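One structure is given here, and the rest of the page talks about it.
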Amino acid sequence: MIRFENVTKRYRGTSKPALSGVDFEVQRGEFVFLVGASGSGKSSCLRLILREDVPTSGRVAVLGRDLRSLANRKVPYFRRHIGSVFQDFRLLPSKTVYQNVAFTLQVTGSSRGFIQQAVPEALALVGLDGKQKRMPHELSGGEQQRVAIARALVNRPQVLLADEPTGNLDPATSVDIMQLLARINAGGTTVLMATHEAGFVDQMQRRVIELNDGEMVRDEVHGGYGDTSNIPRLVPAEVRGAAAVAALTAVQEVQRQTADLSMVRAALAEELSEQRKAAAAAPAHEPASASAPVAESTPADTVVPLEPVVAPDPAPVDPPVAVGPRTHPIVLPQVDVAELGVADRLGLSDGDDEEVGPTS
Ligand code: ADP
Ligand code: MG
């Protein structure tokens, strides 16, 4: 899905390469943390994936395209498949929440009907329906990042790139955003996140790629953050500790829901197998679809449910009032993804996999 082959990136006027001989491959559905000190090359990697920049040597392939040979005029189409969010949100300050999410769709020529359906769905998915008419400055930092995530998701991207998405948020809000990203990944979207948040990385136990001075020094399937001595400590250790505990609870909740889905699937498989036995015993025809859903082309070590993760109750969407990191409750965005009809937006449908430009 994303492949770096011996990628070196040298910026003009610099002596040391920002990236040097970087090699990795990310599979569909993975959640990957990109870690490393400031200046180690994380953002450079993400910019290459977005084709905002090209490598000095080596090859970057995304969604089956060699980005070197992707014509400039096709780049906007290509980028529709990749959502991106950043530390500084990058919202348009004079546009409403709705307009911010609708904007790229309008620019890229989506139909009015599609926009009117897709924008509210994306906002509901991130727990922001009811705030469509707000201006960015009327929102909290966490809410602004949710708008940015809604904007990133509205185009049904298969990949979500997040460059230090919690970097400007307090620990409790960061947990919410982290949980939202985990949920988006659980819905099938590949997520690549550059971060300094050692607590999240340690708790999530997902794949970790570590860069050091532009070189890849680690690629671990279930990794932790590693050496944290270089991370600037902006908040007291006890608050970070509370955030880490909250993050664990959040992640466990997502894992629990994923496990619930697996159990449902196992029960379904058993039921189908019973049916098949019964059908075999009877001389009649075999049912055509007598097989349990099986994940396609996903690595064995990632848990990728085919169905969207569904929150237990369709309830409040307004975020809770944060009293402080210690008492901040973990509240899932109460959004039934299936009900909203956004399964395909989350990359659950395989239909447009290869479509990058109108003529390709
Ligand atoms: P990170 O995101 O891990 O902090 P970056 O990818 O932003 O790292 O930067 C990697 C290295 O490349 C740094 O030394 C940085 O100064 C340099 N760099 C990044 N962007 C540019 C640029 N546009 N021009 C020159 N040097 C750059
Ligand atoms: Mg960076």
Single residue of Ser44, Ser40, Ser20 found to be within 20 Å of the chain's Cα centre (by Cα) and either outside any loop (DSSP other than H, G, I, E, B) or buried (at least 22 other Cβ atoms within 10 Å of the Cβ) (or both): Ser44
Could you grab me the full set of residues in the stretch 149-165 that are of a type outside the set (A, V, I, L, M) and crowded, with 24+ Cβ neighbours inside 10 Å? Arg151, Pro165
Single residue of Gly167, Gly224, Gly199, Gly188 found to be assigned to a loop (DSSP other than H, G, I, E, B) and without any contact (Cβ under 8 Å) to a residue 60 or more places away in the chain: Gly224
Here is a check on your reading of the model: is Arg59 basic (Lys, Arg) and either within 22 Å of the chain's Cα centre (by Cα) or at pLDDT below 95 (or both)? no
Let me confirm something: among Asn212, Asn168, which residue is within 16 Å of ligand 1 (Cβ to nearest atom), over 23 Å from Val97 (Cα atoms), open to solvent by 20 Å² or more (accessible area, probe 1.4 Å) and among the polar types (S, T, N, Q)? Asn212
Within the stretch 47-74, which residues are in a helix (DSSP H, G or I) and more than 22 Å from Phe33 (Cβ to Cβ)? Leu67, Arg68, Ser69, Asn72, Arg73, Lys74
Would you list the helices (runs of 4 or more DSSP H) that sit entirely within the stretch 75-148 and hold 1 or more residues that are assigned by TED's automatic domain parsing to the domain that holds Gln179 and surrounded by fewer than 16 Cβ atoms within 10 Å (Cβ to Cβ)? 75-79
Residue pairs qualifying under the 8 Å Cβ cut-off, at least six apart or on distinct chains, with the first in the stretch 7-28 being within 13 Å of Val54 (Cβ to Cβ) and assigned by TED's automatic domain parsing to the domain that holds Glu210 and the second being near ligand 1 (Cβ under 8 Å from one of its atoms) and of a type in the set (A, V, I, L, M), are Val7/Leu19; Thr8/Leu19; Lys9/Ala18; Lys9/Leu19; Arg10/Ala18; Tyr11/Ala18; Leu19/Leu211
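The values are calculated or read from the model by the stated rules, or taken from the named source; none is laboratory data. Keep in mind the model is a prediction, meaning the values are calculated, not measured. With ideal geometry, Cβ positions are generated from the backbone for all residues, glycine too; neighbour counts draw on all protein chains shown. Protein only, heavy atoms only, side chains kept; ligands, DNA and RNA dropped before computing areas. Shrake-Rupley method; radii C 1.70, N 1.55, O 1.52, S 1.80 Å.
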